[in-house]
Amino acid sequence: MLTTAAILAAKSRAVVASEQDPPTSFGPNDTIQVAVVGAGGRGQSHIDGFAGKPGTVVTHICDCDESHGQRSCESAAEKQGGRKPVWVKDIRKLLEDPSINAVSIATPNHWHALGAIWAVQAGKDVYVEKPVSHNVLEGRRAVQAARKHNRMVQTGTQSRSNPGMREAMEFIHSGGIGEVKVSRGLCYKPRPTIGPKGVYEVPKEVDYDLWSGPARILPLTRKRFHYDWHWQWEYGNGDLGNQGIHQMDLCRWALGEDRLSDRVWSFGGRFGYEDAGETANTQIVVHDYGPRKLIFEVRGLETPEYKGAKVGIIVEGSKGYLVMTSYASGTAFDLDGKPIKQFQGGGDDRHYKNFTDAMRARDHKILNADIEDGHLSSALCHLGNISLRLGKSIASPDMPAALRDGGGDSVVEDAWLRTAEHLTANKVENYQVQMGLPLQVDPISESFLGNHPPNEWLTREYRAPYTIPSESAV
Ligand SMILES: NC(=O)c1ccc[n+]([C@@H]2O[C@H](COP(=O)([O-])OP(=O)(O)OC[C@H]3O[C@@H](n4cnc5c(N)ncnc54)[C@H](O)[C@@H]3O)[C@@H](O)[C@H]2O)c1
């Protein structure tokens, strides 16, 4: 268990540039050689982002599931005029290859920070999927490693490169809806049950030791091996850290906050089915930034939209509000609900291109989603989950009193009332709610304040040799 002092020391942001890492330079006509790590669903988009595109070629695909690795080498070859990447099973072997300039990581969440740190230590630039971490501390470590080794590390929050989204944010920041009071994220995305908890067989093509990496090697209790790890705490972060991290990031961007919040509070549960999943499918997270609020709603059961959005953000200001209904499009309204401006325009390719532009310029400030932004927004999700998991189960009729006791205001009460109606509409009755612990956060040291701070929740037990290095060793 880490002491608070150890965590504070670990969080120190002063990182000395490494002498072993002279800046890499790529001329405008040099081809950047990319290795994609994790060739599941999202890995295919990474391959699309670099294969057959001007100035990049996918030379390697790393996956500890041989079938995913081999299949993806074939599909990448088709996209880049027959040039077939080499399949590598173990990321450590991959990183020994000096020909690779960039590593693009689309593994499950529990591998993101470690993979990114190892890659920058090996002198590679990195594109790493969101959330960039599985816990708060390793995310900060990834930032430290990127700075120390002078590497470009882009986070896979691609809406940050969409012109429609960028224009909307500029509109908010220039006072288009007045003073922002509430930044609301919605992740209303129906998620079916993942099937009963059982003992299932790991697919024979998978090297389970490598797949588990920093996590414990546990019996497989979910039916579907790939993807459904999102709903088990050992590997995933629930929908808050799956779809929700995109909108959490936009909510924080809208507030213009480059730090964690002062206080976090979350409540919810997994409703509508009992299965192998552990994470909440219904959750409210409240982050206080002084008097301004970031409030996030996850709904995994069928639900109508709210103010026109299902997966989006609603930013409420003193002169109006702005609703982004996708990664790239939305509308600003005045206080009477009259549309005043529209925003549109996107495309994932821009985000990959922004990454390679920063690689060529050797300037992380060019990145639209630098690792530090990725870390902060990922950490907001982790803090919400910590609050939830530290709470206690209460009967739903006791919720109004519990909300008052926890300091809930009308914004929080309204979010809960709508959620309760939503559960009733889904025939969820006589239920218990996991009422999370409100936690004071020191946004500078990125740790909890108070007499018994649950700071051990900011990290995890790592399974050697898959350990996150200390700050001095990143
Ligand atoms: N930015 C986006 O819009 C977006 C969209 C979807 C998914 N994602 C993110 O992408 C990541 C992957 O999601 P997915 O749906 O493809 O998951 P998935 O489970 O389908 O695929 C993950 C792949 O990584 C491989 N893998 C696991 N450990 C590995 C290791 N140590 N080395 C090499 N390969 C390893 C698995 O074998 C699998 O092929 C997730 O973190 C998710 O949050 C982002």
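The values are calculated or read from the model by the stated rules, or taken from the named source; none is laboratory data. If you're wondering where the values come from, they're calculated on a predicted model, not measured in any experiment. For neighbour counting, all protein chains shown are included, and Cβ atoms are generated from backbone atoms with ideal geometry for every residue, glycine included.
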**Message:** Against the condition within 16 Å of the ligand (Cβ to nearest atom) and either modelled with pLDDT of 95 or more or assigned to a loop (DSSP other than H, G, I, E, B) (or both), how does ARG13 come out, does it pass?
**Reply:** no
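Among the candidates ALA106, ALA113, which residue alone is of a type in the set (A, V, I, L, M), under 13 Å from GLY43 (Cα atoms) and surrounded by 15 or more Cβ atoms within 10 Å (Cβ to Cβ)?
Details: ALA113 fails: under 13 Å from GLY43 (Cα atoms).
Unique residue meeting the criteria: ALA106.
Okay, residues lined up against (1) over 24 Å from GLN247 (Cβ atoms); (2) without any contact (Cβ under 8 Å) to a residue 60 or more places away in the chain:
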position	(1), (2)
VAL88	yes, yes
VAL103	yes, no
GLY123	yes, no
PRO131	no, no
ALA142	no, no
**Complete:** Those residues of the stretch 166-188 which are outside any loop (DSSP other than H, G, I, E, B), in contact with a strand residue (DSSP E or B) (Cβ under 7 Å, 6 or more places away or on another chain) and not small (Gly, Ala, Ser) amount to GLU167, PHE171, ILE172, VAL180, LYS181, VAL182, ARG184, LEU186, CYS187, TYR188
**Message:** Exactly one of these conditions fails for LYS310: (1) within 23 Å of the chain's Cα centre (by Cα); (2) touching a residue at least 40 places away in the same chain (Cβ under 8 Å); (3) crowded, with 18+ Cβ neighbours inside 10 Å. Give me its number.
**Reply:** (3)
**Request:** Looking only at the stretch 213-231, decide whether some residue is more than 10 Å from the ligand (Cβ to nearest atom), among the polar types (S, T, N, Q) and either buried (at least 24 other Cβ atoms within 10 Å of the Cβ) or within 15 Å of TRP111 (Cβ to Cβ) (or both).
**Result:** no
**Message:** Which pairs turn up if I take residues in the stretch 209-220 that are part of a loop (DSSP other than H, G, I, E, B) and look for partners that are within 13 Å of the ligand (Cβ to nearest atom) and of a type in the set (Phe, Trp, Tyr) with beta carbon separation below 9 Å, at least 6 apart in sequence or on another chain?
**Reply:** GLY213/TRP111; GLY213/TYR466; PRO214/TRP111; PRO214/TYR466; ALA215/TRP111; ALA215/TYR235; ALA215/TYR466; ILE217/TYR208
